[in-house]
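First comes the structure, then the notes that go with it.
A short reminder: the numbers here are calculations on the coordinates, not readings from a lab. What you are looking at is a predicted structure, and each value in this text was computed from that prediction instead of being measured. All Cβ positions, glycine included, derive from the backbone under ideal geometry; neighbour counts span all protein chains shown.
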């Protein structure tokens, strides 16, 4: 609602002046004022979805006595990939409003890599007229790198027309440092187009040096959600970045960064999830959980609220969001207990959407087209899965719990002998298969750290080009899981001893399910239960962790459909190439 026409503005002013009755009056509440830092005892007048005044002079069609409850602004997730929730925007919103989230800054990078502009248009259409506002950032790096095969390419010319959309807030996570540093023409056009439209440009600074951050800020990049250490966050902060503190289903950086936040600098921080499963959000929350943690870390409650609301709104130019004040949208969270952040009810544009642990919003019927099958896999035979060494060594990817980072290890292996997965050594086979029907390429690797005992798991969620990634202990189960993925049009599949143990069908671009939230959560529960049968004593999400092993812009060693990519060396390495590396 950034842009008002004359009639809308006149109606709001008439409500603010008391000439006409308001739609809603909230009485006897304690307003968390993110401007003064005070708690205000004021009645709130709402008209046409906007707050038009404080005071007891207003009359309203509906009047609600809050009985001393706190009133906070609707929460904002400053960076999220909706596709990574596995749900459509509609089903995601059902989980979000439960936790007071009324606005998200979404980056449709995942579906963009599969379907290009068609995917961006789908996300805009699928997120209309919902009880959560979905602001879109335009994917800057599709494909993410030259090191994998994607389903689409998005040039500056492809993105430019989308800036005419009111819900487009900027250019999403710039992760292609070489293109920025080398001033590649298309990247320069993308950066300049965003700046010409006065939009925000997001960064993706994983592994960037302090000098690289100078380059990014000079290029106009304003945010970073990839800080994993206090030192990285300090450097971003002093150079003028907004630091998005991330706490998702895999990457959890809150504990590392929150000690840096204080009264003097907290206005340059926001909260985000980046990648979170929808059942994780529904069951445990996200931005609201970070507010609770921030207060437990002795951050002032209103400072914590600014990080979760006003800071993100200002970062993305959402001039009518992020505060409880006249002239702001009536996106409100009513709290019974501030420190526990106990949500009683949630209002969106002055309409009650969540009340007493119940969703009360009436969703309109969806008229979106049926999903099309995007899975085009090559034929796969056992002999294609063979892993051998001609040098006496093999390279390994070691996963780190609840981190996107990986270690690079090597092991000795007899020349010419087929590699066999070994539970006692915590070694599993790892493959990436091109699934967009372009070249049928196959990348091979070995993973350590999953504690996999048997079976196989395969998924078409493989950041960022979303080919098929599979992890397993034997060829038969691997091939079975891959074939089942093809049959259901994408998803997550667990197989063992010739049987499918559990699956989640992701029929929208191989990334999202067209099923309702309850069904997605049920199938995710079955997947997690089945995972305990093939993984031993695992303390992280194996599916999301597997999905990020294919992201070559994150250190150290990753795998794509083209093979093993070593970020530090900036090149692919052969699985048996002789390098000077740490051995196990």
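The figures follow:
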{"item": "Antiparallel bridges, percent of DSSP beta bridges restricted to the chain (to nearest 5)", "result": "65 percent"}
{"item": "Extension gain (nm, one decimal) between residue 19 and residue 197, 0.36 nm per residue minus Cα-Cα", "result": "60.3 nm"}
{"item": "Degrees between helix 287-296 axis and first principal axis of the chain (Cα, 0 to 90, nearest 10)", "result": "80 degrees"}
{"item": "Pairs of alpha carbons in the chain whose separation is greater than 48 Å (percent)", "result": "13 percent"}
{"item": "Computed E for residue 63/residue 522 - FRET, C-beta separation, R0 60 angstrom, nearest 0.05", "result": "0.90"}
{"item": "Dimensions (Å) - the stretch 428-584, Cα atoms, principal axes, largest first", "result": "49, 35, 26"}
{"item": "Förster radius 35 Å - calculated FRET efficiency between residue 418 and residue 487, Cβ distance, rounded to 0.05", "result": "0.75"}
{"item": "On Cα atoms only, tilt of 475-488 relative to the major axis of the chain in degrees", "result": "40 degrees"}
{"item": "Gain on full stretching of the segment that runs from residue 4 to residue 373 - 0.36 nm per residue minus C-alpha separation", "result": "128.8 nm"}
{"item": "The stretch 463-519 versus the stretch 288-350: alpha-carbon centroid distance in Å", "result": "38 Å"}
{"item": "Relative contact order computed over the stretch 79-314 (Cα-Cα under 8 Å; 6+ residues apart), in percent", "result": "18 percent"}
{"item": "Residues 123, 187 arranged by fewest to most Cβ contacts within 10 Å", "result": "187, 123"}
{"item": "Relative contact order (%) - the stretch 382-573, alpha-carbon pairs under 8 angstrom, separation at least six", "result": "21 percent"}
{"item": "Fewest-first ranking of 352, 546, 524, using other Cβ atoms within 10 Å as the exposure measure", "result": "352, 524, 546"}
{"item": "Overall form of the stretch 79-314 per C-alpha gyration tensor (a/c, 1.5; a/b vs b/c)", "result": "oblate"}
{"item": "Anisotropy class of the stretch 376-436 from Cα gyration tensor, a/c 1.5 cut", "result": "oblate"}
{"item": "Fully extended contour minus Cα-Cα distance, from residue 283 to residue 27, at 0.36 nm per residue", "result": "89.1 nm"}
{"item": "Relative contact order computed over the chain (Cα-Cα under 8 Å; 6+ residues apart), in percent", "result": "15 percent"}
{"item": "Angle in degrees between helix 517-534 and the longest Cα principal axis of the chain, rounded to the nearest 10", "result": "30 degrees"}
{"item": "Ranked list, fewest to most other Cβ atoms within 10 Å of each Cβ, for 429, 292", "result": "292, 429"}
{"item": "Helix-only CD estimate at 222 nm, as mean residue ellipticity for the chain, using -39500 (n - 2.57) per DSSP H run (n ≥ 4)", "result": "-7500 deg cm²/dmol"}
{"item": "FRET efficiency, residue 342 to residue 164 (Cβ-Cβ, R0 41 Å, nearest 0.05)", "result": "0.50"}
{"item": "The stretch 79-314 - share of DSSP beta bridges that are antiparallel (%, nearest 5)", "result": "5 percent"}
{"item": "Pairwise centroid distance, computed over Cα atoms, of the stretch 553-578 with the stretch 98-169, Å", "result": "28 Å"}
